[in-house]
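Everything below concerns the one structure shown next.
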Number of protein chains: 2
Amino acid sequence: MPDRNAELTILSRDADLLKNEITALNCNALRIVQCATRADDIDTDKVHILLADPDLAVKVVEQCHQLRWCQSTWAGNKPLLQLAKQDYTLTGVRGIFGEKMREYVFAYLLHFSRDIDTFRALESAPQQHRWMQPAPGTLQGTTLGILGAGSIASSLLPVAHAFGMRVIGLNSKGEAQPGYDAMFASADKQTFAAKCHAIVNLLPDTSATVNFIDERFLSALPEGAVFINAGRGSAVDDSALLNALDNGMLRAAVLDVFRQEPLPASHPFWSHPKVWVSQHTAAISAPEDVARVFAENLDRYLNAEPLHYQLDFERGY
Amino acid sequence: MPDRNAELTILSRDADLLKNEITALNCNALRIVQCATRADDIDTDKVHILLADPDLAVKVVEQCHQLRWCQSTWAGNKPLLQLAKQDYTLTGVRGIFGEKMREYVFAYLLHFSRDIDTFRALESAPQQHRWMQPAPGTLQGTTLGILGAGSIASSLLPVAHAFGMRVIGLNSKGEAQPGYDAMFASADKQTFAAKCHAIVNLLPDTSATVNFIDERFLSALPEGAVFINAGRGSAVDDSALLNALDNGMLRAAVLDVFRQEPLPASHPFWSHPKVWVSQHTAAISAPEDVARVFAENLDRYLNAEPLHYQLDFERGY
């Protein structure tokens with residue numbers, strides 16, 4: 001029996017599903033002591049290990065004086081990282097979003113390049129104007145630009161390459177990353193933007209990335225570019241984006257994340273014809289994926305080994 | 001100067017574009033003697049080498065007594081293969097469709113798995129019912145079945161594998177093909193169908209493939225399967241397909257090819273909500289692609305080497 005206290009509290013919208021997945025692990029050293037979908041239902045004195053949605057965890061961790069380790073179920077951990085309480089290990093779920101993210105990104109890139117809506121509209125055109133054979137575009141030979149070239153971004157590379165795309169990336173200092181045709185530093189964002197037929201933002205939410213996608217950046221994009229935001233809402237200057245769409249330079253903006261979520265009902269993004277709102281579902285972590293990450297880390301925890309995907313309170317991600 | 005007669009007739013809807021591409025080859029041994037968009041404008045006595053859309057070529061080749069070689073611009077060469085005249089070399093354009101086809105197929109597979117229409121519809125839902133975060137599906141771990149495992153089909157494999165799909169194929173005798181997780185023979189089509197979450201038909205148009213996709217085949221598919229026909233219209237029993245869609249087993253049918261093209265204005269496919277008509281644009285050969293294939297074969301022709309992509313009058317493809 002390991003000497004570490006393996007009493008688990010689950011606090012998540014998927015609490016029951018997570019409990020089932022974790023019970024199925026048959027780990028004798030682990031005991032699930034609490035399982036709740038609402039922060040109010042947690043006895044904070046009993047929290048040693050916490051598996052939690054970060055927006056629920058943030059409501060309780062400061063009262064959890066026994067907390068040793070919190071395994072988050074999502075990528076959005078900034079509120080936890082900003083709390084004064086930092087005397088525990090916080091782990092994220094890097095690695096499980098890539099499979100979803102690559103499908104999300106290419107679903108929309110192909111949707112636009114193949115003009116699916118144009119063909120759909122022709123099905124209800126007047127009878128004599130249906131068979132028009134509009135010529136679709138292609139991803140082959142075009143350039144995909146990725147803002148924030150981390151682990152989720154790297155999952156896009158094999159698919160982009162399979163479609164014959166060139167991939168360029170941007171990170172703060174333009175450090176080389178495997179698999180990219182070129183890397184650019186934040187300071188060169190306009191040079192970078194000018195080369196991209198499609199842009200995917202995956203920048204983390206730090207003070208340096210707020211409003212990174214601004215008028216300067218957007219106006220440098222080639223005409224007809226598609227912009228996808230699957231990182232953080234704060235990275236985009238909303239009005240600059242709406243201007244770029246209205247001035248006709250951008251073909252479309254596919255937005256998964258927003259400064260305020262749920263996106264307020266009156267926000268102009270909802271009704272703008274060139275904005276596609278995917279409601280923060282681009283890379284939902286399925287309970288079985290989260291349970292797999294937790295299981296791996298639990299094993300390391302019980303053996304007093306360093307945990308995977310530790311977040312850094314200092315750096316803020 | 002080679003002793004072969006290199007006088008070229010171009011007969012194609014893209015005649016001018018093809019002429020420009022071929023002129024740019026700067027081949028001294030080649031002379032473009034005729035260039036037309038309509039069969040009536042061709043002097044058949046002057047036809048030695050013919051670069052032609054096959055549906056236009058079929059109107060003239062029997063009168064072309066000097067014809068040595070016809071380079072077709074499309075994949076649909078059955079009408080030419082069925083003519084009595086077979087004393088010339090007929091070459092197709094295999095190899096140039098794959099890049100387009102893989103984008104076509106995955107555009108639609110991802111469109112359905114990511115539920116793009118559901119998110120789009122929510123944008124115009126009543127204000128309080130917009131942010132619903134519907135959970136998208138995934139291609140990861142699902143099985144793609146390909147009917148007709150030839151060269152175009154093989155272009156789908158790297159993309160399917162990049163998305164973590166399993167790929168199984170079917171050809172007449174179930175012969176092994178590189179890159180497939182399993183192969184099935186035509187006789188086992190129901191066993192094959194039962195394993196497929198998505199089906200792409202790329203069978204050639206032969207007597208053995210007419211109505212291959214029939215009630216037996218369609219009823220064996222798992223519920224919610226997506227069917228894509230990018231091969232030939234004759235491979236599908238239209239009424240069986242409509243029945244399968246109406247009985248709710250199939251999620252969608254994406255149809256690029258039809259028994260009669262243009263698809264007649266009154267055909268029920270146009271108005272069926274689960275049918276997506278892509279108007280034979282899945283893999284349009286761009287003039288520059290056709291010119292590239294022609295240039296390679298011209299080089300071989302002038303050097304009296306066997307041409308690439310020769311079609312077989314006996315086998316019919």
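Okay, residues lined up against (1) among the charged types (D, E, K, R); (2) at pLDDT 95 or above; (3) within 23 Å of B:S113 (Cα to Cα):
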{"residue": "B:A182", "(1), (2), (3)": "no, yes, no"}
{"residue": "B:A187", "(1), (2), (3)": "no, yes, no"}
{"residue": "B:T191", "(1), (2), (3)": "no, yes, no"}
{"residue": "B:V200", "(1), (2), (3)": "no, yes, yes"}
{"residue": "B:P204", "(1), (2), (3)": "no, no, no"}
{"residue": "B:F217", "(1), (2), (3)": "no, yes, yes"}
{"residue": "B:L221", "(1), (2), (3)": "no, yes, yes"}
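Scanning the stretch A:92-116 for residues that are modelled with pLDDT under 95 and not basic (K, R) yields A:G92, A:V93, A:G95, A:I96, A:F97, A:G98, A:E99. Every condition in (1) open to solvent by 30 Å² or more (accessible area, probe 1.4 Å); (2) in a loop (DSSP other than H, G, I, E, B) holds for A:A29 except the one numbered (1).
Is it the case that A:D205 is surrounded by fewer than 18 Cβ atoms within 10 Å (Cβ to Cβ), in contact with a helix residue (DSSP H, G or I) (Cβ under 9 Å, 6 or more places away or on another chain) and more than 13 Å from A:V275 (Cα to Cα)? Answer is no for this residue. Could you tell me which residue of the stretch B:82-103 is farthest from the other protein chains (Cβ to nearest Cβ), considering only residues that are closer than 30 Å to B:A198 by Cβ and among the hydrophobic types (A, V, I, L, M, F, W, C)? So the residue we want is B:V93.
When the stretch A:61-95 is filtered for residues that are under 24 Å from the mean Cα position of the chain (by Cα) and of a type in the set (A, V, I, L, M, F, W, C), the ones remaining, listed by number, are A:V61, A:W69, A:C70, A:W74, A:A75, A:L80, A:L81, A:L83, A:L90, A:V93. Among the residues of the stretch A:272-287, is there at least one that is open to solvent by 70 Å² or more (accessible area, probe 1.4 Å) and within 15 Å of A:L51 (Cα to Cα)? No; the residues of the stretch A:272-287 include none that is open to solvent by 70 Å² or more (accessible area, probe 1.4 Å) and within 15 Å of A:L51 (Cα to Cα).
For the stretch B:122-142, filtered to residues that are surrounded by fewer than 11 Cβ atoms within 10 Å (Cβ to Cβ) and more than 7 Å from every other protein chain (Cβ to nearest Cβ), the residue that is farthest from B:H161 (Cα to Cα) is B:P126. If you go through the stretch A:165-185, how many residues are open to solvent by less than 60 Å² (accessible area, probe 1.4 Å) and closer than 22 Å to A:S155 by Cβ? Number of matching residues: 12. Summed over the stretch A:284-311, the residues that are acidic (D, E) and either in contact (Cβ under 8 Å) with a residue 40 or more places away in the chain or under 15 Å from A:L18 (Cα atoms) (or both) give a count of 3.
Is there a residue being open to solvent by 60 Å² or more (accessible area, probe 1.4 Å) and touching a helix residue (DSSP H, G or I) at 6+ places or on another chain (Cβ under 7 Å) anywhere in the stretch B:41-58? Checking the stretch B:41-58: not a single residue is open to solvent by 60 Å² or more (accessible area, probe 1.4 Å) and touching a helix residue (DSSP H, G or I) at 6+ places or on another chain (Cβ under 7 Å). None of B:V210, B:V236 is of a type in the set (V, I, T), open to solvent by 60 Å² or more (accessible area, probe 1.4 Å) and outside the structural domain of B:T91 (by TED's automatic domain parsing) except B:V210.
Elements of the type strands (runs of 3 or more DSSP E) sitting completely within the stretch B:174-277 and holding at least 3 residues that are among the hydrophobic types (A, V, I, L, M, F, W, C) and within 14 Å of another protein chain (Cβ to nearest Cβ): these cover B:250-255, B:275-277.
Within the span defined as the stretch B:128-140, one or more residues are more than 26 Å from the chain's Cα centre (by Cα), in a helix (DSSP H, G or I) and either β-branched (V, I, T) or assigned by TED's automatic domain parsing to the domain that holds B:D188 (or both).
Of all residues in the stretch A:84-99, those that are farther than 19 Å from A:I284 by Cβ have Cβ atoms under 7 Å from Cβ atoms of residues that are among the hydroxyl-bearing types (S, T, Y) and open to solvent by less than 10 Å² (accessible area, probe 1.4 Å), 6 or more apart or on another chain, in A:L90/A:S72.
The values are calculated or read from the model by the stated rules, or taken from the named source; none is laboratory data. Everything numeric here is computed off the predicted structure, so don't read it as measured data. When we count neighbours, we look across all protein chains shown, and the Cβ atoms used for this are built from the backbone with ideal geometry, even at glycine. Surface areas here come from the heavy atoms of the whole protein model, side chains and all, with no ligands, DNA or RNA. Shrake-Rupley method; radii C 1.70, N 1.55, O 1.52, S 1.80 Å.
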